[in-house]
Amino acid sequence: MKIGILQTGHAPDELLPTTGDVYTYFERMLDGNGFTFTTYSVVDMVFPTSITECDGWIITGSKHGAYEDIDFIAPLEGLIRDIYAADIPLVGICFGHQIIAKALGGKVEKFSGGWAVGHTDYDWDGETVALNAWHQDQVTERPADATVYAGNAFCENAALVYGNRIFTIQPHPEYGAAFINGLLDYRGKGVVPEHQMDEARANLSKPDDSPRVATQIARFFKERKIA
């Protein structure tokens with residue numbers, strides 16, 4: 001099965017030599033499932049010529065906001081609507097989660113409650129799951145076709161499902177502690193409140209449930225179900 005990675009952002013330049021760019025995290029997260037991958041750097045206006053070039057699609061995180069006036073946003077929203085209409089499985093992570101919601105009629109905005117950073121617990125379909133978060137923007141109004149799969153008191157719409165066609169997640173199952181630490185060093189200063197960065201650093205060694213969620217994503221691609 002061929003998965004197309006729609007890359008909507010880049011890792012900080014300082015991390016590229018050690019972590020690789022954003023798409024490599026998704027390849028590692030989904031390794032061992034028999035997938036092949038092709039990356040399209042849509043943030044740099046590199047788009048697939050056809051939605052049938054891949055058997056499934058995944059949209060990455062980004063430093064950009066889904067509501068910003070940036071060249072790649074409108075064509076990406078059109079691509080999302082085409083993928084959805086064609087019934088091709090689609091997964092979105094963080095910015096991907098948000099842009100899918102916006103493209104399909106939801107609302108995304110800079111959340112007045114502030115940031116979620118680092119190790120975070122979610123009610124994951126009735127169970128507690130811990131994942132790494134890095135966001136201030138949120139889906140504040142769901143599209144009509146979306147139902148909530150996971151959330152917490154801070155982020156009501158932390159994971160959404162759209163029938164058996166789309167599965168989106170606000171936190172980052174592809175991020176490990178090293179990458180979060182790098183974001184704290186190179187993207188957090190002066191942006192994320194200091195006390196939240198201190199707490200995130202203190203929690204870097206806590207285990208998370210990324211492997212479990214990666215398994216759900218792989219199952220969604222292969223079977224169109226997550227549980």
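List the relative contact order of the chain as a percent without decimals, with contacts defined as Cα pairs under 8 Å and 6+ residues apart. Before the final figure, lay out each step's value.
Details: 420 pairs, mean separation 43.1, N = 227.
This gives 19 percent for the chain.
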key: Computed magnitude of the charge dipole of the chain (debye, nearest 20; Cβ of K, R +1, Cβ of D, E -1)   = 380
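Considering only Cα-Cα distances, which of the following residue pairs are longer than 31 Å: 2/206; 189/222; 102/189; 63/225; 110/222?
Numbers: 2/206 33 Å; 189/222 40 Å; 102/189 28 Å; 63/225 29 Å; 110/222 34 Å.
Checking Cα-Cα distances, 2/206; 189/222; 110/222 exceed 31 Å.
Kindly provide the helix-only [θ] at 222 nm of the chain, computed as the sum of -39,500 (n - 2.57) over DSSP H runs of four or more divided by all residues, to the nearest 500 deg cm²/dmol?
Numbers: 7 runs with 64 residues, N = 227.
Helices in the chain give a 222 nm mean residue ellipticity of -8000 deg cm²/dmol.
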query = In nm, to one decimal, how far is the residue 45 label point from the residue 107 one, both placed 7 Å along Cα→Cβ?
reply = 3.2
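Starting with the fewest neighbours, write out 141, 174 ranked by other beta-carbon atoms found within 10 Å of each beta-carbon. Don't jump to the answer; show the numbers that get you there.
Numbers: 141 14, 174 27.
Ordered from fewest to most neighbouring Cβ atoms within 10 Å, 141, 174 come out as 141, 174.
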request  = Quick one, can you get me the convex hull of the C-alpha atoms of the chain expressed as volume per residue in Å³?
outcome  = 117
key: Neighbour cut-off at most 14 other Cβ (10 Å), DSSP loop, GluC sites (Glu not before Pro), region 1-107   = 68
remark   = Lys and Arg at +1, Asp and Glu at -1: neighbours of residue 24 with Cβ under 11 Å from its Cβ sum to -3
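Just so you know, all these numbers are worked out from the coordinates, no wet-lab data involved. Remember, it's a predicted structure, so these values are computed and weren't measured experimentally. Every residue, glycine among them, receives a Cβ derived from its backbone with ideal geometry; neighbour counts consider all protein chains shown.
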